[in-house]
1. In a solvent-free Debye calculation with one equal scatterer on each Cα, what is log10 I(q)/I(0) for the chain at q = 0.08 Å⁻¹, listed in the order of the q values?
2. Can you give the FRET efficiency to the nearest 0.05 for Lys139 and Asn102, using r as the Cβ-Cβ distance and R₀ = 25 Å?
3. Between Lys74 and Asp3, what is 0.36 nm times their sequence separation minus the Cα-Cα distance? Round to one decimal in nm.
4. Ordering Lys178, Lys52 by how much accessible area each has at a 1.4 Å probe, largest first, what is the list?
5. Amide H of Asp45: which non-local residues (sequence gap of 5 or more, or other chain) have their own amide H closer than 5 Å, using H built in the peptide plane?
6. Find the accessible area per residue for the chain; the probe is 1.4 Å, ligands and nucleic acids are left out, and the unit is Å².
7. Mind checking which lysines have their C-alpha under 24 Å from Lys36, skipping anything on the same chain fewer than 8 residues away?
8. Suppose every K and R has +1 on its Cβ and every D and E has -1 on its Cβ; what is the size of the dipole of the chain about the Cα centre, in Debye to the nearest 20?
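The values are calculated or read from the model by the stated rules, or taken from the named source; none is laboratory data. All values reported here derive from a predicted model rather than from experimental measurement. We place every Cβ from the backbone using ideal geometry, glycine too, and count neighbours over all the protein chains shown. Areas reflect the complete protein model, heavy atoms only, side chains present, ligands, DNA and RNA absent. Shrake-Rupley method; radii C 1.70, N 1.55, O 1.52, S 1.80 Å.
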Amino acid sequence: MTDEIWDSFLPNEYKVLSPYQWTPIEIIRFTWEYLKTDSVTSVMDLGSGVGKFCLNLVQFSNRSFPVYGVEDRKGLVDVSETLRQKLKITGVTFIHSDFLVNFPYGHSHYYVFNPLYEMMKGQHSIDFNKEKSAMFFIKNLQILKNHLSHCKKGTKLITYHGFGGSVLPGYKIVKQKKLEFGDWMVWEKE
């Protein structure tokens with residue numbers, strides 16, 4: 001799978017967002033290389049969008065653990081589910097919910113790409129149905145960090161372009177890689 005092939009499956013309005021909103025295949029493959037060396041019971045993608053990370057990770061892992069995606073936009077969940085069915089992929093579940101309100105606790109690993117940055121004003125927004133401002137972004141990022149602080153010890157968070165270099169309270173960095181377009185990191189709850 002390549003980014004170009006993946007994008008060809010998407011509705012037109014989501015193809016143009018691919019470089020800004022959906023995790024690159026190279027990063028998903030890199031994440032799999034890490035996960036296959038770790039004890040994984042399940043992976044939850046927070047803000048799963050069109051399902052790119054989840055659907056490709058479950059393929060790379062050959063369904064060796066369950067993969068979940070949570071997304072608050074019903075239309076994106078529908079696109080994810082349509083792609084899952086079209087590509088005949090099992091081992092992944094998409095959930096329509098707002099993880100800031102109903103955080104999905106209990107997974108061994110979480111993944112976020114550019115967490116909540118879409119709430120900032122900009123030309124690469126998925127849509128304009130949500131409030132967008134720096135203050136709204138900071139407020140919601142703090143809510144996410146608070147939820148993550150309540151995860152059990154040993155929980156891992158994998159980020160790509162995550163938290164803008166800021167510290168994630170209660171977590172330590174266990175792996176970090178500077179990649180061409182941003183930092184990929186693994187954080188572990190202490």
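1. Each listed q maps to, in turn, -0.23.
2. About 0.90, to the nearest 0.05.
3. 23.2 nm
4. Lys178, Lys52
5. Here the answer is Tyr68, Gly69, Val70, Tyr111, since their amide H atoms fall under 5 Å of that of Asp45.
6. Roughly 50 Å² per residue, with all protein chains present.
7. Result set, ordered by chain and number: Lys52, Lys88, Lys152, Lys153, Lys156, Lys172, Lys175, Lys177, Lys178, Lys189.
8. Once rounded to the nearest 20, the dipole reads 480 debye.
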